[in-house]
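Okay, so here's the structure we're looking at.
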Amino acid sequence: MVEYLTETIEDLSEYAEFYEMANYETRDSGLPCDIWFDELGAGRKNKHTKPRVKIAVDSKLVPVLVSSQPEIPLKGTLLTTAEKIFKGSDKKTMLDFIARNHELILSHWNGDITTKTLLNKLR
């Protein structure tokens, strides 16, 4: 008896809302916190349109806008909470890292370079 696979060829457009984030771990980066890069970046259909990364701090993901002067795009109690858990030298180190690499991160966000290229060129 011959068995047939039940898998089918699928159209990626069916997965428009499916996405991944690349985790740049401290053991690879030497940074004090993990940083998450959005795989879909500018292609994501989201209410926010400003490029951002997420910094893992105490099991929380703090969004940070990508620019030469990175900032946390939160307001009110959410900003207060983020500032409370993400402070001191770790915050400065992470924001300096984003500022130093902002053009490269923006190239990834815009889909101009792959995640592999991004991770290989970060400094």
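The values are calculated or read from the model by the stated rules, or taken from the named source; none is laboratory data. This structure is a prediction, so every number in the text was calculated from the model and none was measured. Don't worry about glycine lacking a Cβ; one is built from the backbone with ideal geometry, like all the others, and counts go over all protein chains shown.
Each residue in region 43-78 was checked for being in a helix (DSSP H, G or I) and surrounded by fewer than 13 Cβ atoms within 10 Å (Cβ to Cβ), and 2 pass.
Just wondering, is there one or more residues in region 83-100 that are surrounded by 16 or more Cβ atoms within 10 Å (Cβ to Cβ) and more than 16 Å from Leu31 (Cα to Cα)?
Looking through region 83-100, none of the residues is surrounded by 16 or more Cβ atoms within 10 Å (Cβ to Cβ) and more than 16 Å from Leu31 (Cα to Cα).
One residue stands out in region 82-123 among those that are aromatic (Phe, Trp, Tyr) and at pLDDT 90 or above: the one that is farthest from Glu39 (Cα to Cα), namely Phe97. Give the residue that is surrounded by the most Cβ atoms within 10 Å (Cβ to Cβ), with candidates limited to residues of region 15-34 that are of a type in the set (Asp, Glu) and modelled with pLDDT under 85. That would be Glu20.
Looking at Leu12, Leu79, Leu74, Leu61, just one residue is modelled with pLDDT under 85 and either farther than 23 Å from Asn110 by Cα or not β-branched (Val, Ile, Thr) (or both), and that residue is Leu12.
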